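The values are calculated or read from the model by the stated rules, or taken from the named source; none is laboratory data. All figures in this text were calculated on a predicted structure; none of them were measured in a lab. Backbone-built Cβ (ideal geometry, glycine too); neighbour counts: all protein chains shown. We work out accessible area using only protein heavy atoms, side chains counted, and drop any ligands, DNA or RNA first. Shrake-Rupley method; radii C 1.70, N 1.55, O 1.52, S 1.80 Å.
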Amino acid sequence: MASITPLIAGNWKMNGTSLALGEVRNLAAKLAESAPRCTVVICPPATLLERLSEIAAPAGIVTGGQDCHSAASGAHTGDVSAQMLVDAGAQYVIVGHSERRTNHGETDETVRAKSVAALSAGLIPIICVGETESERDAGKAEAVVLTQLQGSIPAEWPGHGIVIAYEPVWAIGTGRTPTSADIAQMHDTIRRDLESRFGERGAATAILYGGSMKPSNAAEILRISNVNGGLVGGASLLANDFHAIISAV
Ligand code: 13P
């Protein structure tokens, strides 16, 4: 089986001003004491990306954007291009987060175009998929996720790869998580789909779990097969909590 370096990514969402950079300094100090056994990524708001990247880099923490436009530049007021994220120090970008899909009407097609833009700029897209509660209740969770995967992943990608994040919408910010068996089943399904479409590259792609991951449940979730890391929202905002999750790897 392909060996996949675990990845713990923090998604700060629309949280954090200059003051929050102190948390990154705290995290850097903790990581200096014991090297993490995973890649650590922080995706702050775009306003903090450049300053945060400068603080994070010496500590081996990498950074990412939370979204990018599919175009390289142009008349898109308020948007940020993948190249701009690179310019601000990013190596990753989250695309297709359920909050973008819901609040901004992003479709699988939009997400795929953003992934292509990210890859062309040299970023690793963290492509998010996940079902709503009513879709799960209706027994459609796997079908929904497979459709999202089919539509959102570019047909091919360069050597630096892609990352998939499975985030059940009903588990985001709610304190609720699927059972370990349900997470295992979905991650196995995603792995099979990636392998059947992309062969060895699919076998080597990290699949993250996201949705109410916290210090108290991280170890249990991270030991499930085909869970190669986590995409962490609320618990990534404080250095102590995020470090505890990183240490659970
Ligand atoms: P929470 O960890 O706050 O549930 O958020 C998960 C998430 O949406 C990460 O992208």
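The table below lists the values:
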{"item": "Residue among Thr174, Thr189 that is open to solvent by 60 Å² or more (accessible area, probe 1.4 Å) and in contact (Cβ under 8 Å) with a residue 24 or more places away in the chain", "result": "Thr174"}
{"item": "Some residue of segment 148-155 being under 18 Å from the mean Cα position of the chain (by Cα), within 14 Å of the ligand (Cβ to nearest atom) and either open to solvent by less than 10 Å² (accessible area, probe 1.4 Å) or modelled with pLDDT under 95 (or both)", "result": "no"}
{"item": "Single match in Leu21, Leu48, Leu52 (criterion: open to solvent by less than 20 Å² (accessible area, probe 1.4 Å) and in contact with a strand residue (DSSP E or B) (Cβ under 8 Å, 6 or more places away or on another chain))", "result": "Leu52"}
{"item": "Residue within segment 49-62 that is farther than 22 Å from Gly234 by Cα, out of contact with any helix residue (DSSP H, G or I) (no Cβ under 9 Å at 6 or more places or on another chain), not in a loop (DSSP other than H, G, I, E, B) and not small (Gly, Ala, Ser) present", "result": "yes"}
{"item": "Counted residues, segment 12-40 - those being among the basic types (Lys, Arg) and within 11 Å of Phe242 (Cβ to Cβ)", "result": "1"}
{"item": "Count of segment 240-249 residues which are among the aliphatic types (A, V, I, L, M) and free of Cβ contacts under 8 Å to residues at least 40 places away in the same chain", "result": "2"}
{"item": "Contacts under 7 angstrom Cβ, first residue in segment 211-239 being on the phi > 0 side of the Ramachandran plot and open to solvent by less than 20 Å² (accessible area, probe 1.4 Å), partner more than 11 Å from the ligand (Cβ to nearest atom) and assigned to a loop (DSSP other than H, G, I, E, B), 6 or more apart", "result": "Gly229/Pro6; Gly229/Cys38"}
{"item": "Looking only at segment 65-77, and only at residues there that are assigned to a loop (DSSP other than H, G, I, E, B) and within 16 Å of the ligand (Cβ to nearest atom), the one that is nearest to Ser53 (Cα to Cα)", "result": "Gln66"}
{"item": "Among the residues listed as Gln150, Gln91, the single one being more than 26 Å from Val40 (Cβ to Cβ) and not hydroxyl-bearing (Ser, Thr, Tyr)", "result": "Gln150"}
